[in-house]
Amino acid sequence: MNEPNDPSAANGADGRQQVNHYDGPVFNKGVSNAQLAWNNETVTQNQQINDGSVAPGYEALAALVTDLLRQLPGAGLDDRDRADAATAAEEVIAEITGSGSPEPGRVRRAVTTLKGALAPVATGLAAGTAVGAQEWAQSAIRGLSGLV
């Protein structure tokens with residue numbers, strides 16, 4: 001007879017051990033492109049799934065804007081400015097990864113909007129910015145200016 005604390009007591013009829021998870025998500029197969037926020041009251045997640053079809057000559061811009069999107073939640077922007085910056089960044093990515101040739105005017109306008117959204121952080125006017133956010137925003141604006 002199995003004792004209550006005997007690990008073999010949890011085995012199923014076919015001999016495989018039964019495991020119960022009560023405190024988190026369980027993945028029984030491979031998971032790709034998934035985002036989880038566990039035990040969190042507020043969360044902002046961004047994800048760019050790109051099939052690699054960045055228009056020739058725009059690879060560096062795509063890499064920079066994708067990185068900016070990843071770091072944007074920690075930049076200290078208020079919700080509206082963060083949403084504006086994310087929208088502008090997504091417009092840049094959409095334009096340079098679209099099926100046709102990118103329209104330079106649309107790319108330039110979206111990049112200008114993105115730089116404008118980062119300006120309060122770069123100048124130190126945004127309240128509650130994280131340590132290093134001002135330097136990060138200044139570097140991002142310089143990078144964007146050099147690519148468009």
message: What pairs come out if I take residues in region 66-83 that are in contact (Cβ under 8 Å) with a residue 24 or more places away in the chain and pair them with residues that are polar (S, T, N, Q) and surrounded by 17 or more Cβ atoms within 10 Å (Cβ to Cβ) whose C-beta lies under 7 Å away, six or more apart or interchain?
response: Ala75/Thr129; Gly76/Thr129
message: Let me spell it out: the conditions are (1) open to solvent by less than 70 Å² (accessible area, probe 1.4 Å); (2) under 22 Å from Val43 (Cα atoms); (3) assigned to a helix (DSSP H, G or I), and Asp84 meets all of them except one. Which number is the exception?
response: (1)
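Would you call Val111 of a type in the set (Val, Ile, Thr) and more than 19 Å from Ser53 (Cα to Cα)? Show your work before the answer.
Working: of a type in the set (Val, Ile, Thr): yes; more than 19 Å from Ser53 (Cα to Cα): yes.
Considered against the rule, which asks whether it is of a type in the set (Val, Ile, Thr) and more than 19 Å from Ser53 (Cα to Cα), Val111 comes out as yes.
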Residue within region 47-66 that is modelled with pLDDT under 90, buried (at least 19 other Cβ atoms within 10 Å of the Cβ) and either of a type in the set (Ser, Thr, Tyr) or under 30 Å from Tyr22 (Cβ atoms) (or both) present: no
- line: Note on region 88-97: residues in contact (Cβ under 8 Å) with a residue 12 or more places away in the chain and either open to solvent by less than 50 Å² (accessible area, probe 1.4 Å) or not acidic (Asp, Glu) (or both) are Ala88, Ala89, Val92, Ile93, Glu95, Ile96, Thr97
query: Do we have any residue at all in region 98-112 that's over 15 Å from the mean Cα position of the chain (by Cα), buried (at least 19 other Cβ atoms within 10 Å of the Cβ), of a type in the set (Ser, Thr, Tyr) and assigned to a loop (DSSP other than H, G, I, E, B)?
result: no
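Taking region 99-139 only, how many residues are β-branched (Val, Ile, Thr), under 15 Å from Leu72 (Cα atoms) and modelled with pLDDT of 85 or more?
Within region 99-139, the first condition is being β-branched (Val, Ile, Thr), and the residues that meet it are 107, 111-113, 121, 123, 129, 131.
Those left that are additionally under 15 Å from Leu72 (Cα atoms): 111, 113, 121, 129, 131.
Now restrict to residues that are modelled with pLDDT of 85 or more: 111, 113.
Residues in region 99-139 being β-branched (Val, Ile, Thr), under 15 Å from Leu72 (Cα atoms) and modelled with pLDDT of 85 or more: 2 in total.
The values are calculated or read from the model by the stated rules, or taken from the named source; none is laboratory data. Here the structure is a predicted model, which means the values were calculated and not measured. Backbone-built Cβ (ideal geometry, glycine too); neighbour counts: all protein chains shown. Only protein heavy atoms, including side chains, enter the accessible area calculation; ligands, DNA and RNA are left aside. Shrake-Rupley method; radii C 1.70, N 1.55, O 1.52, S 1.80 Å.
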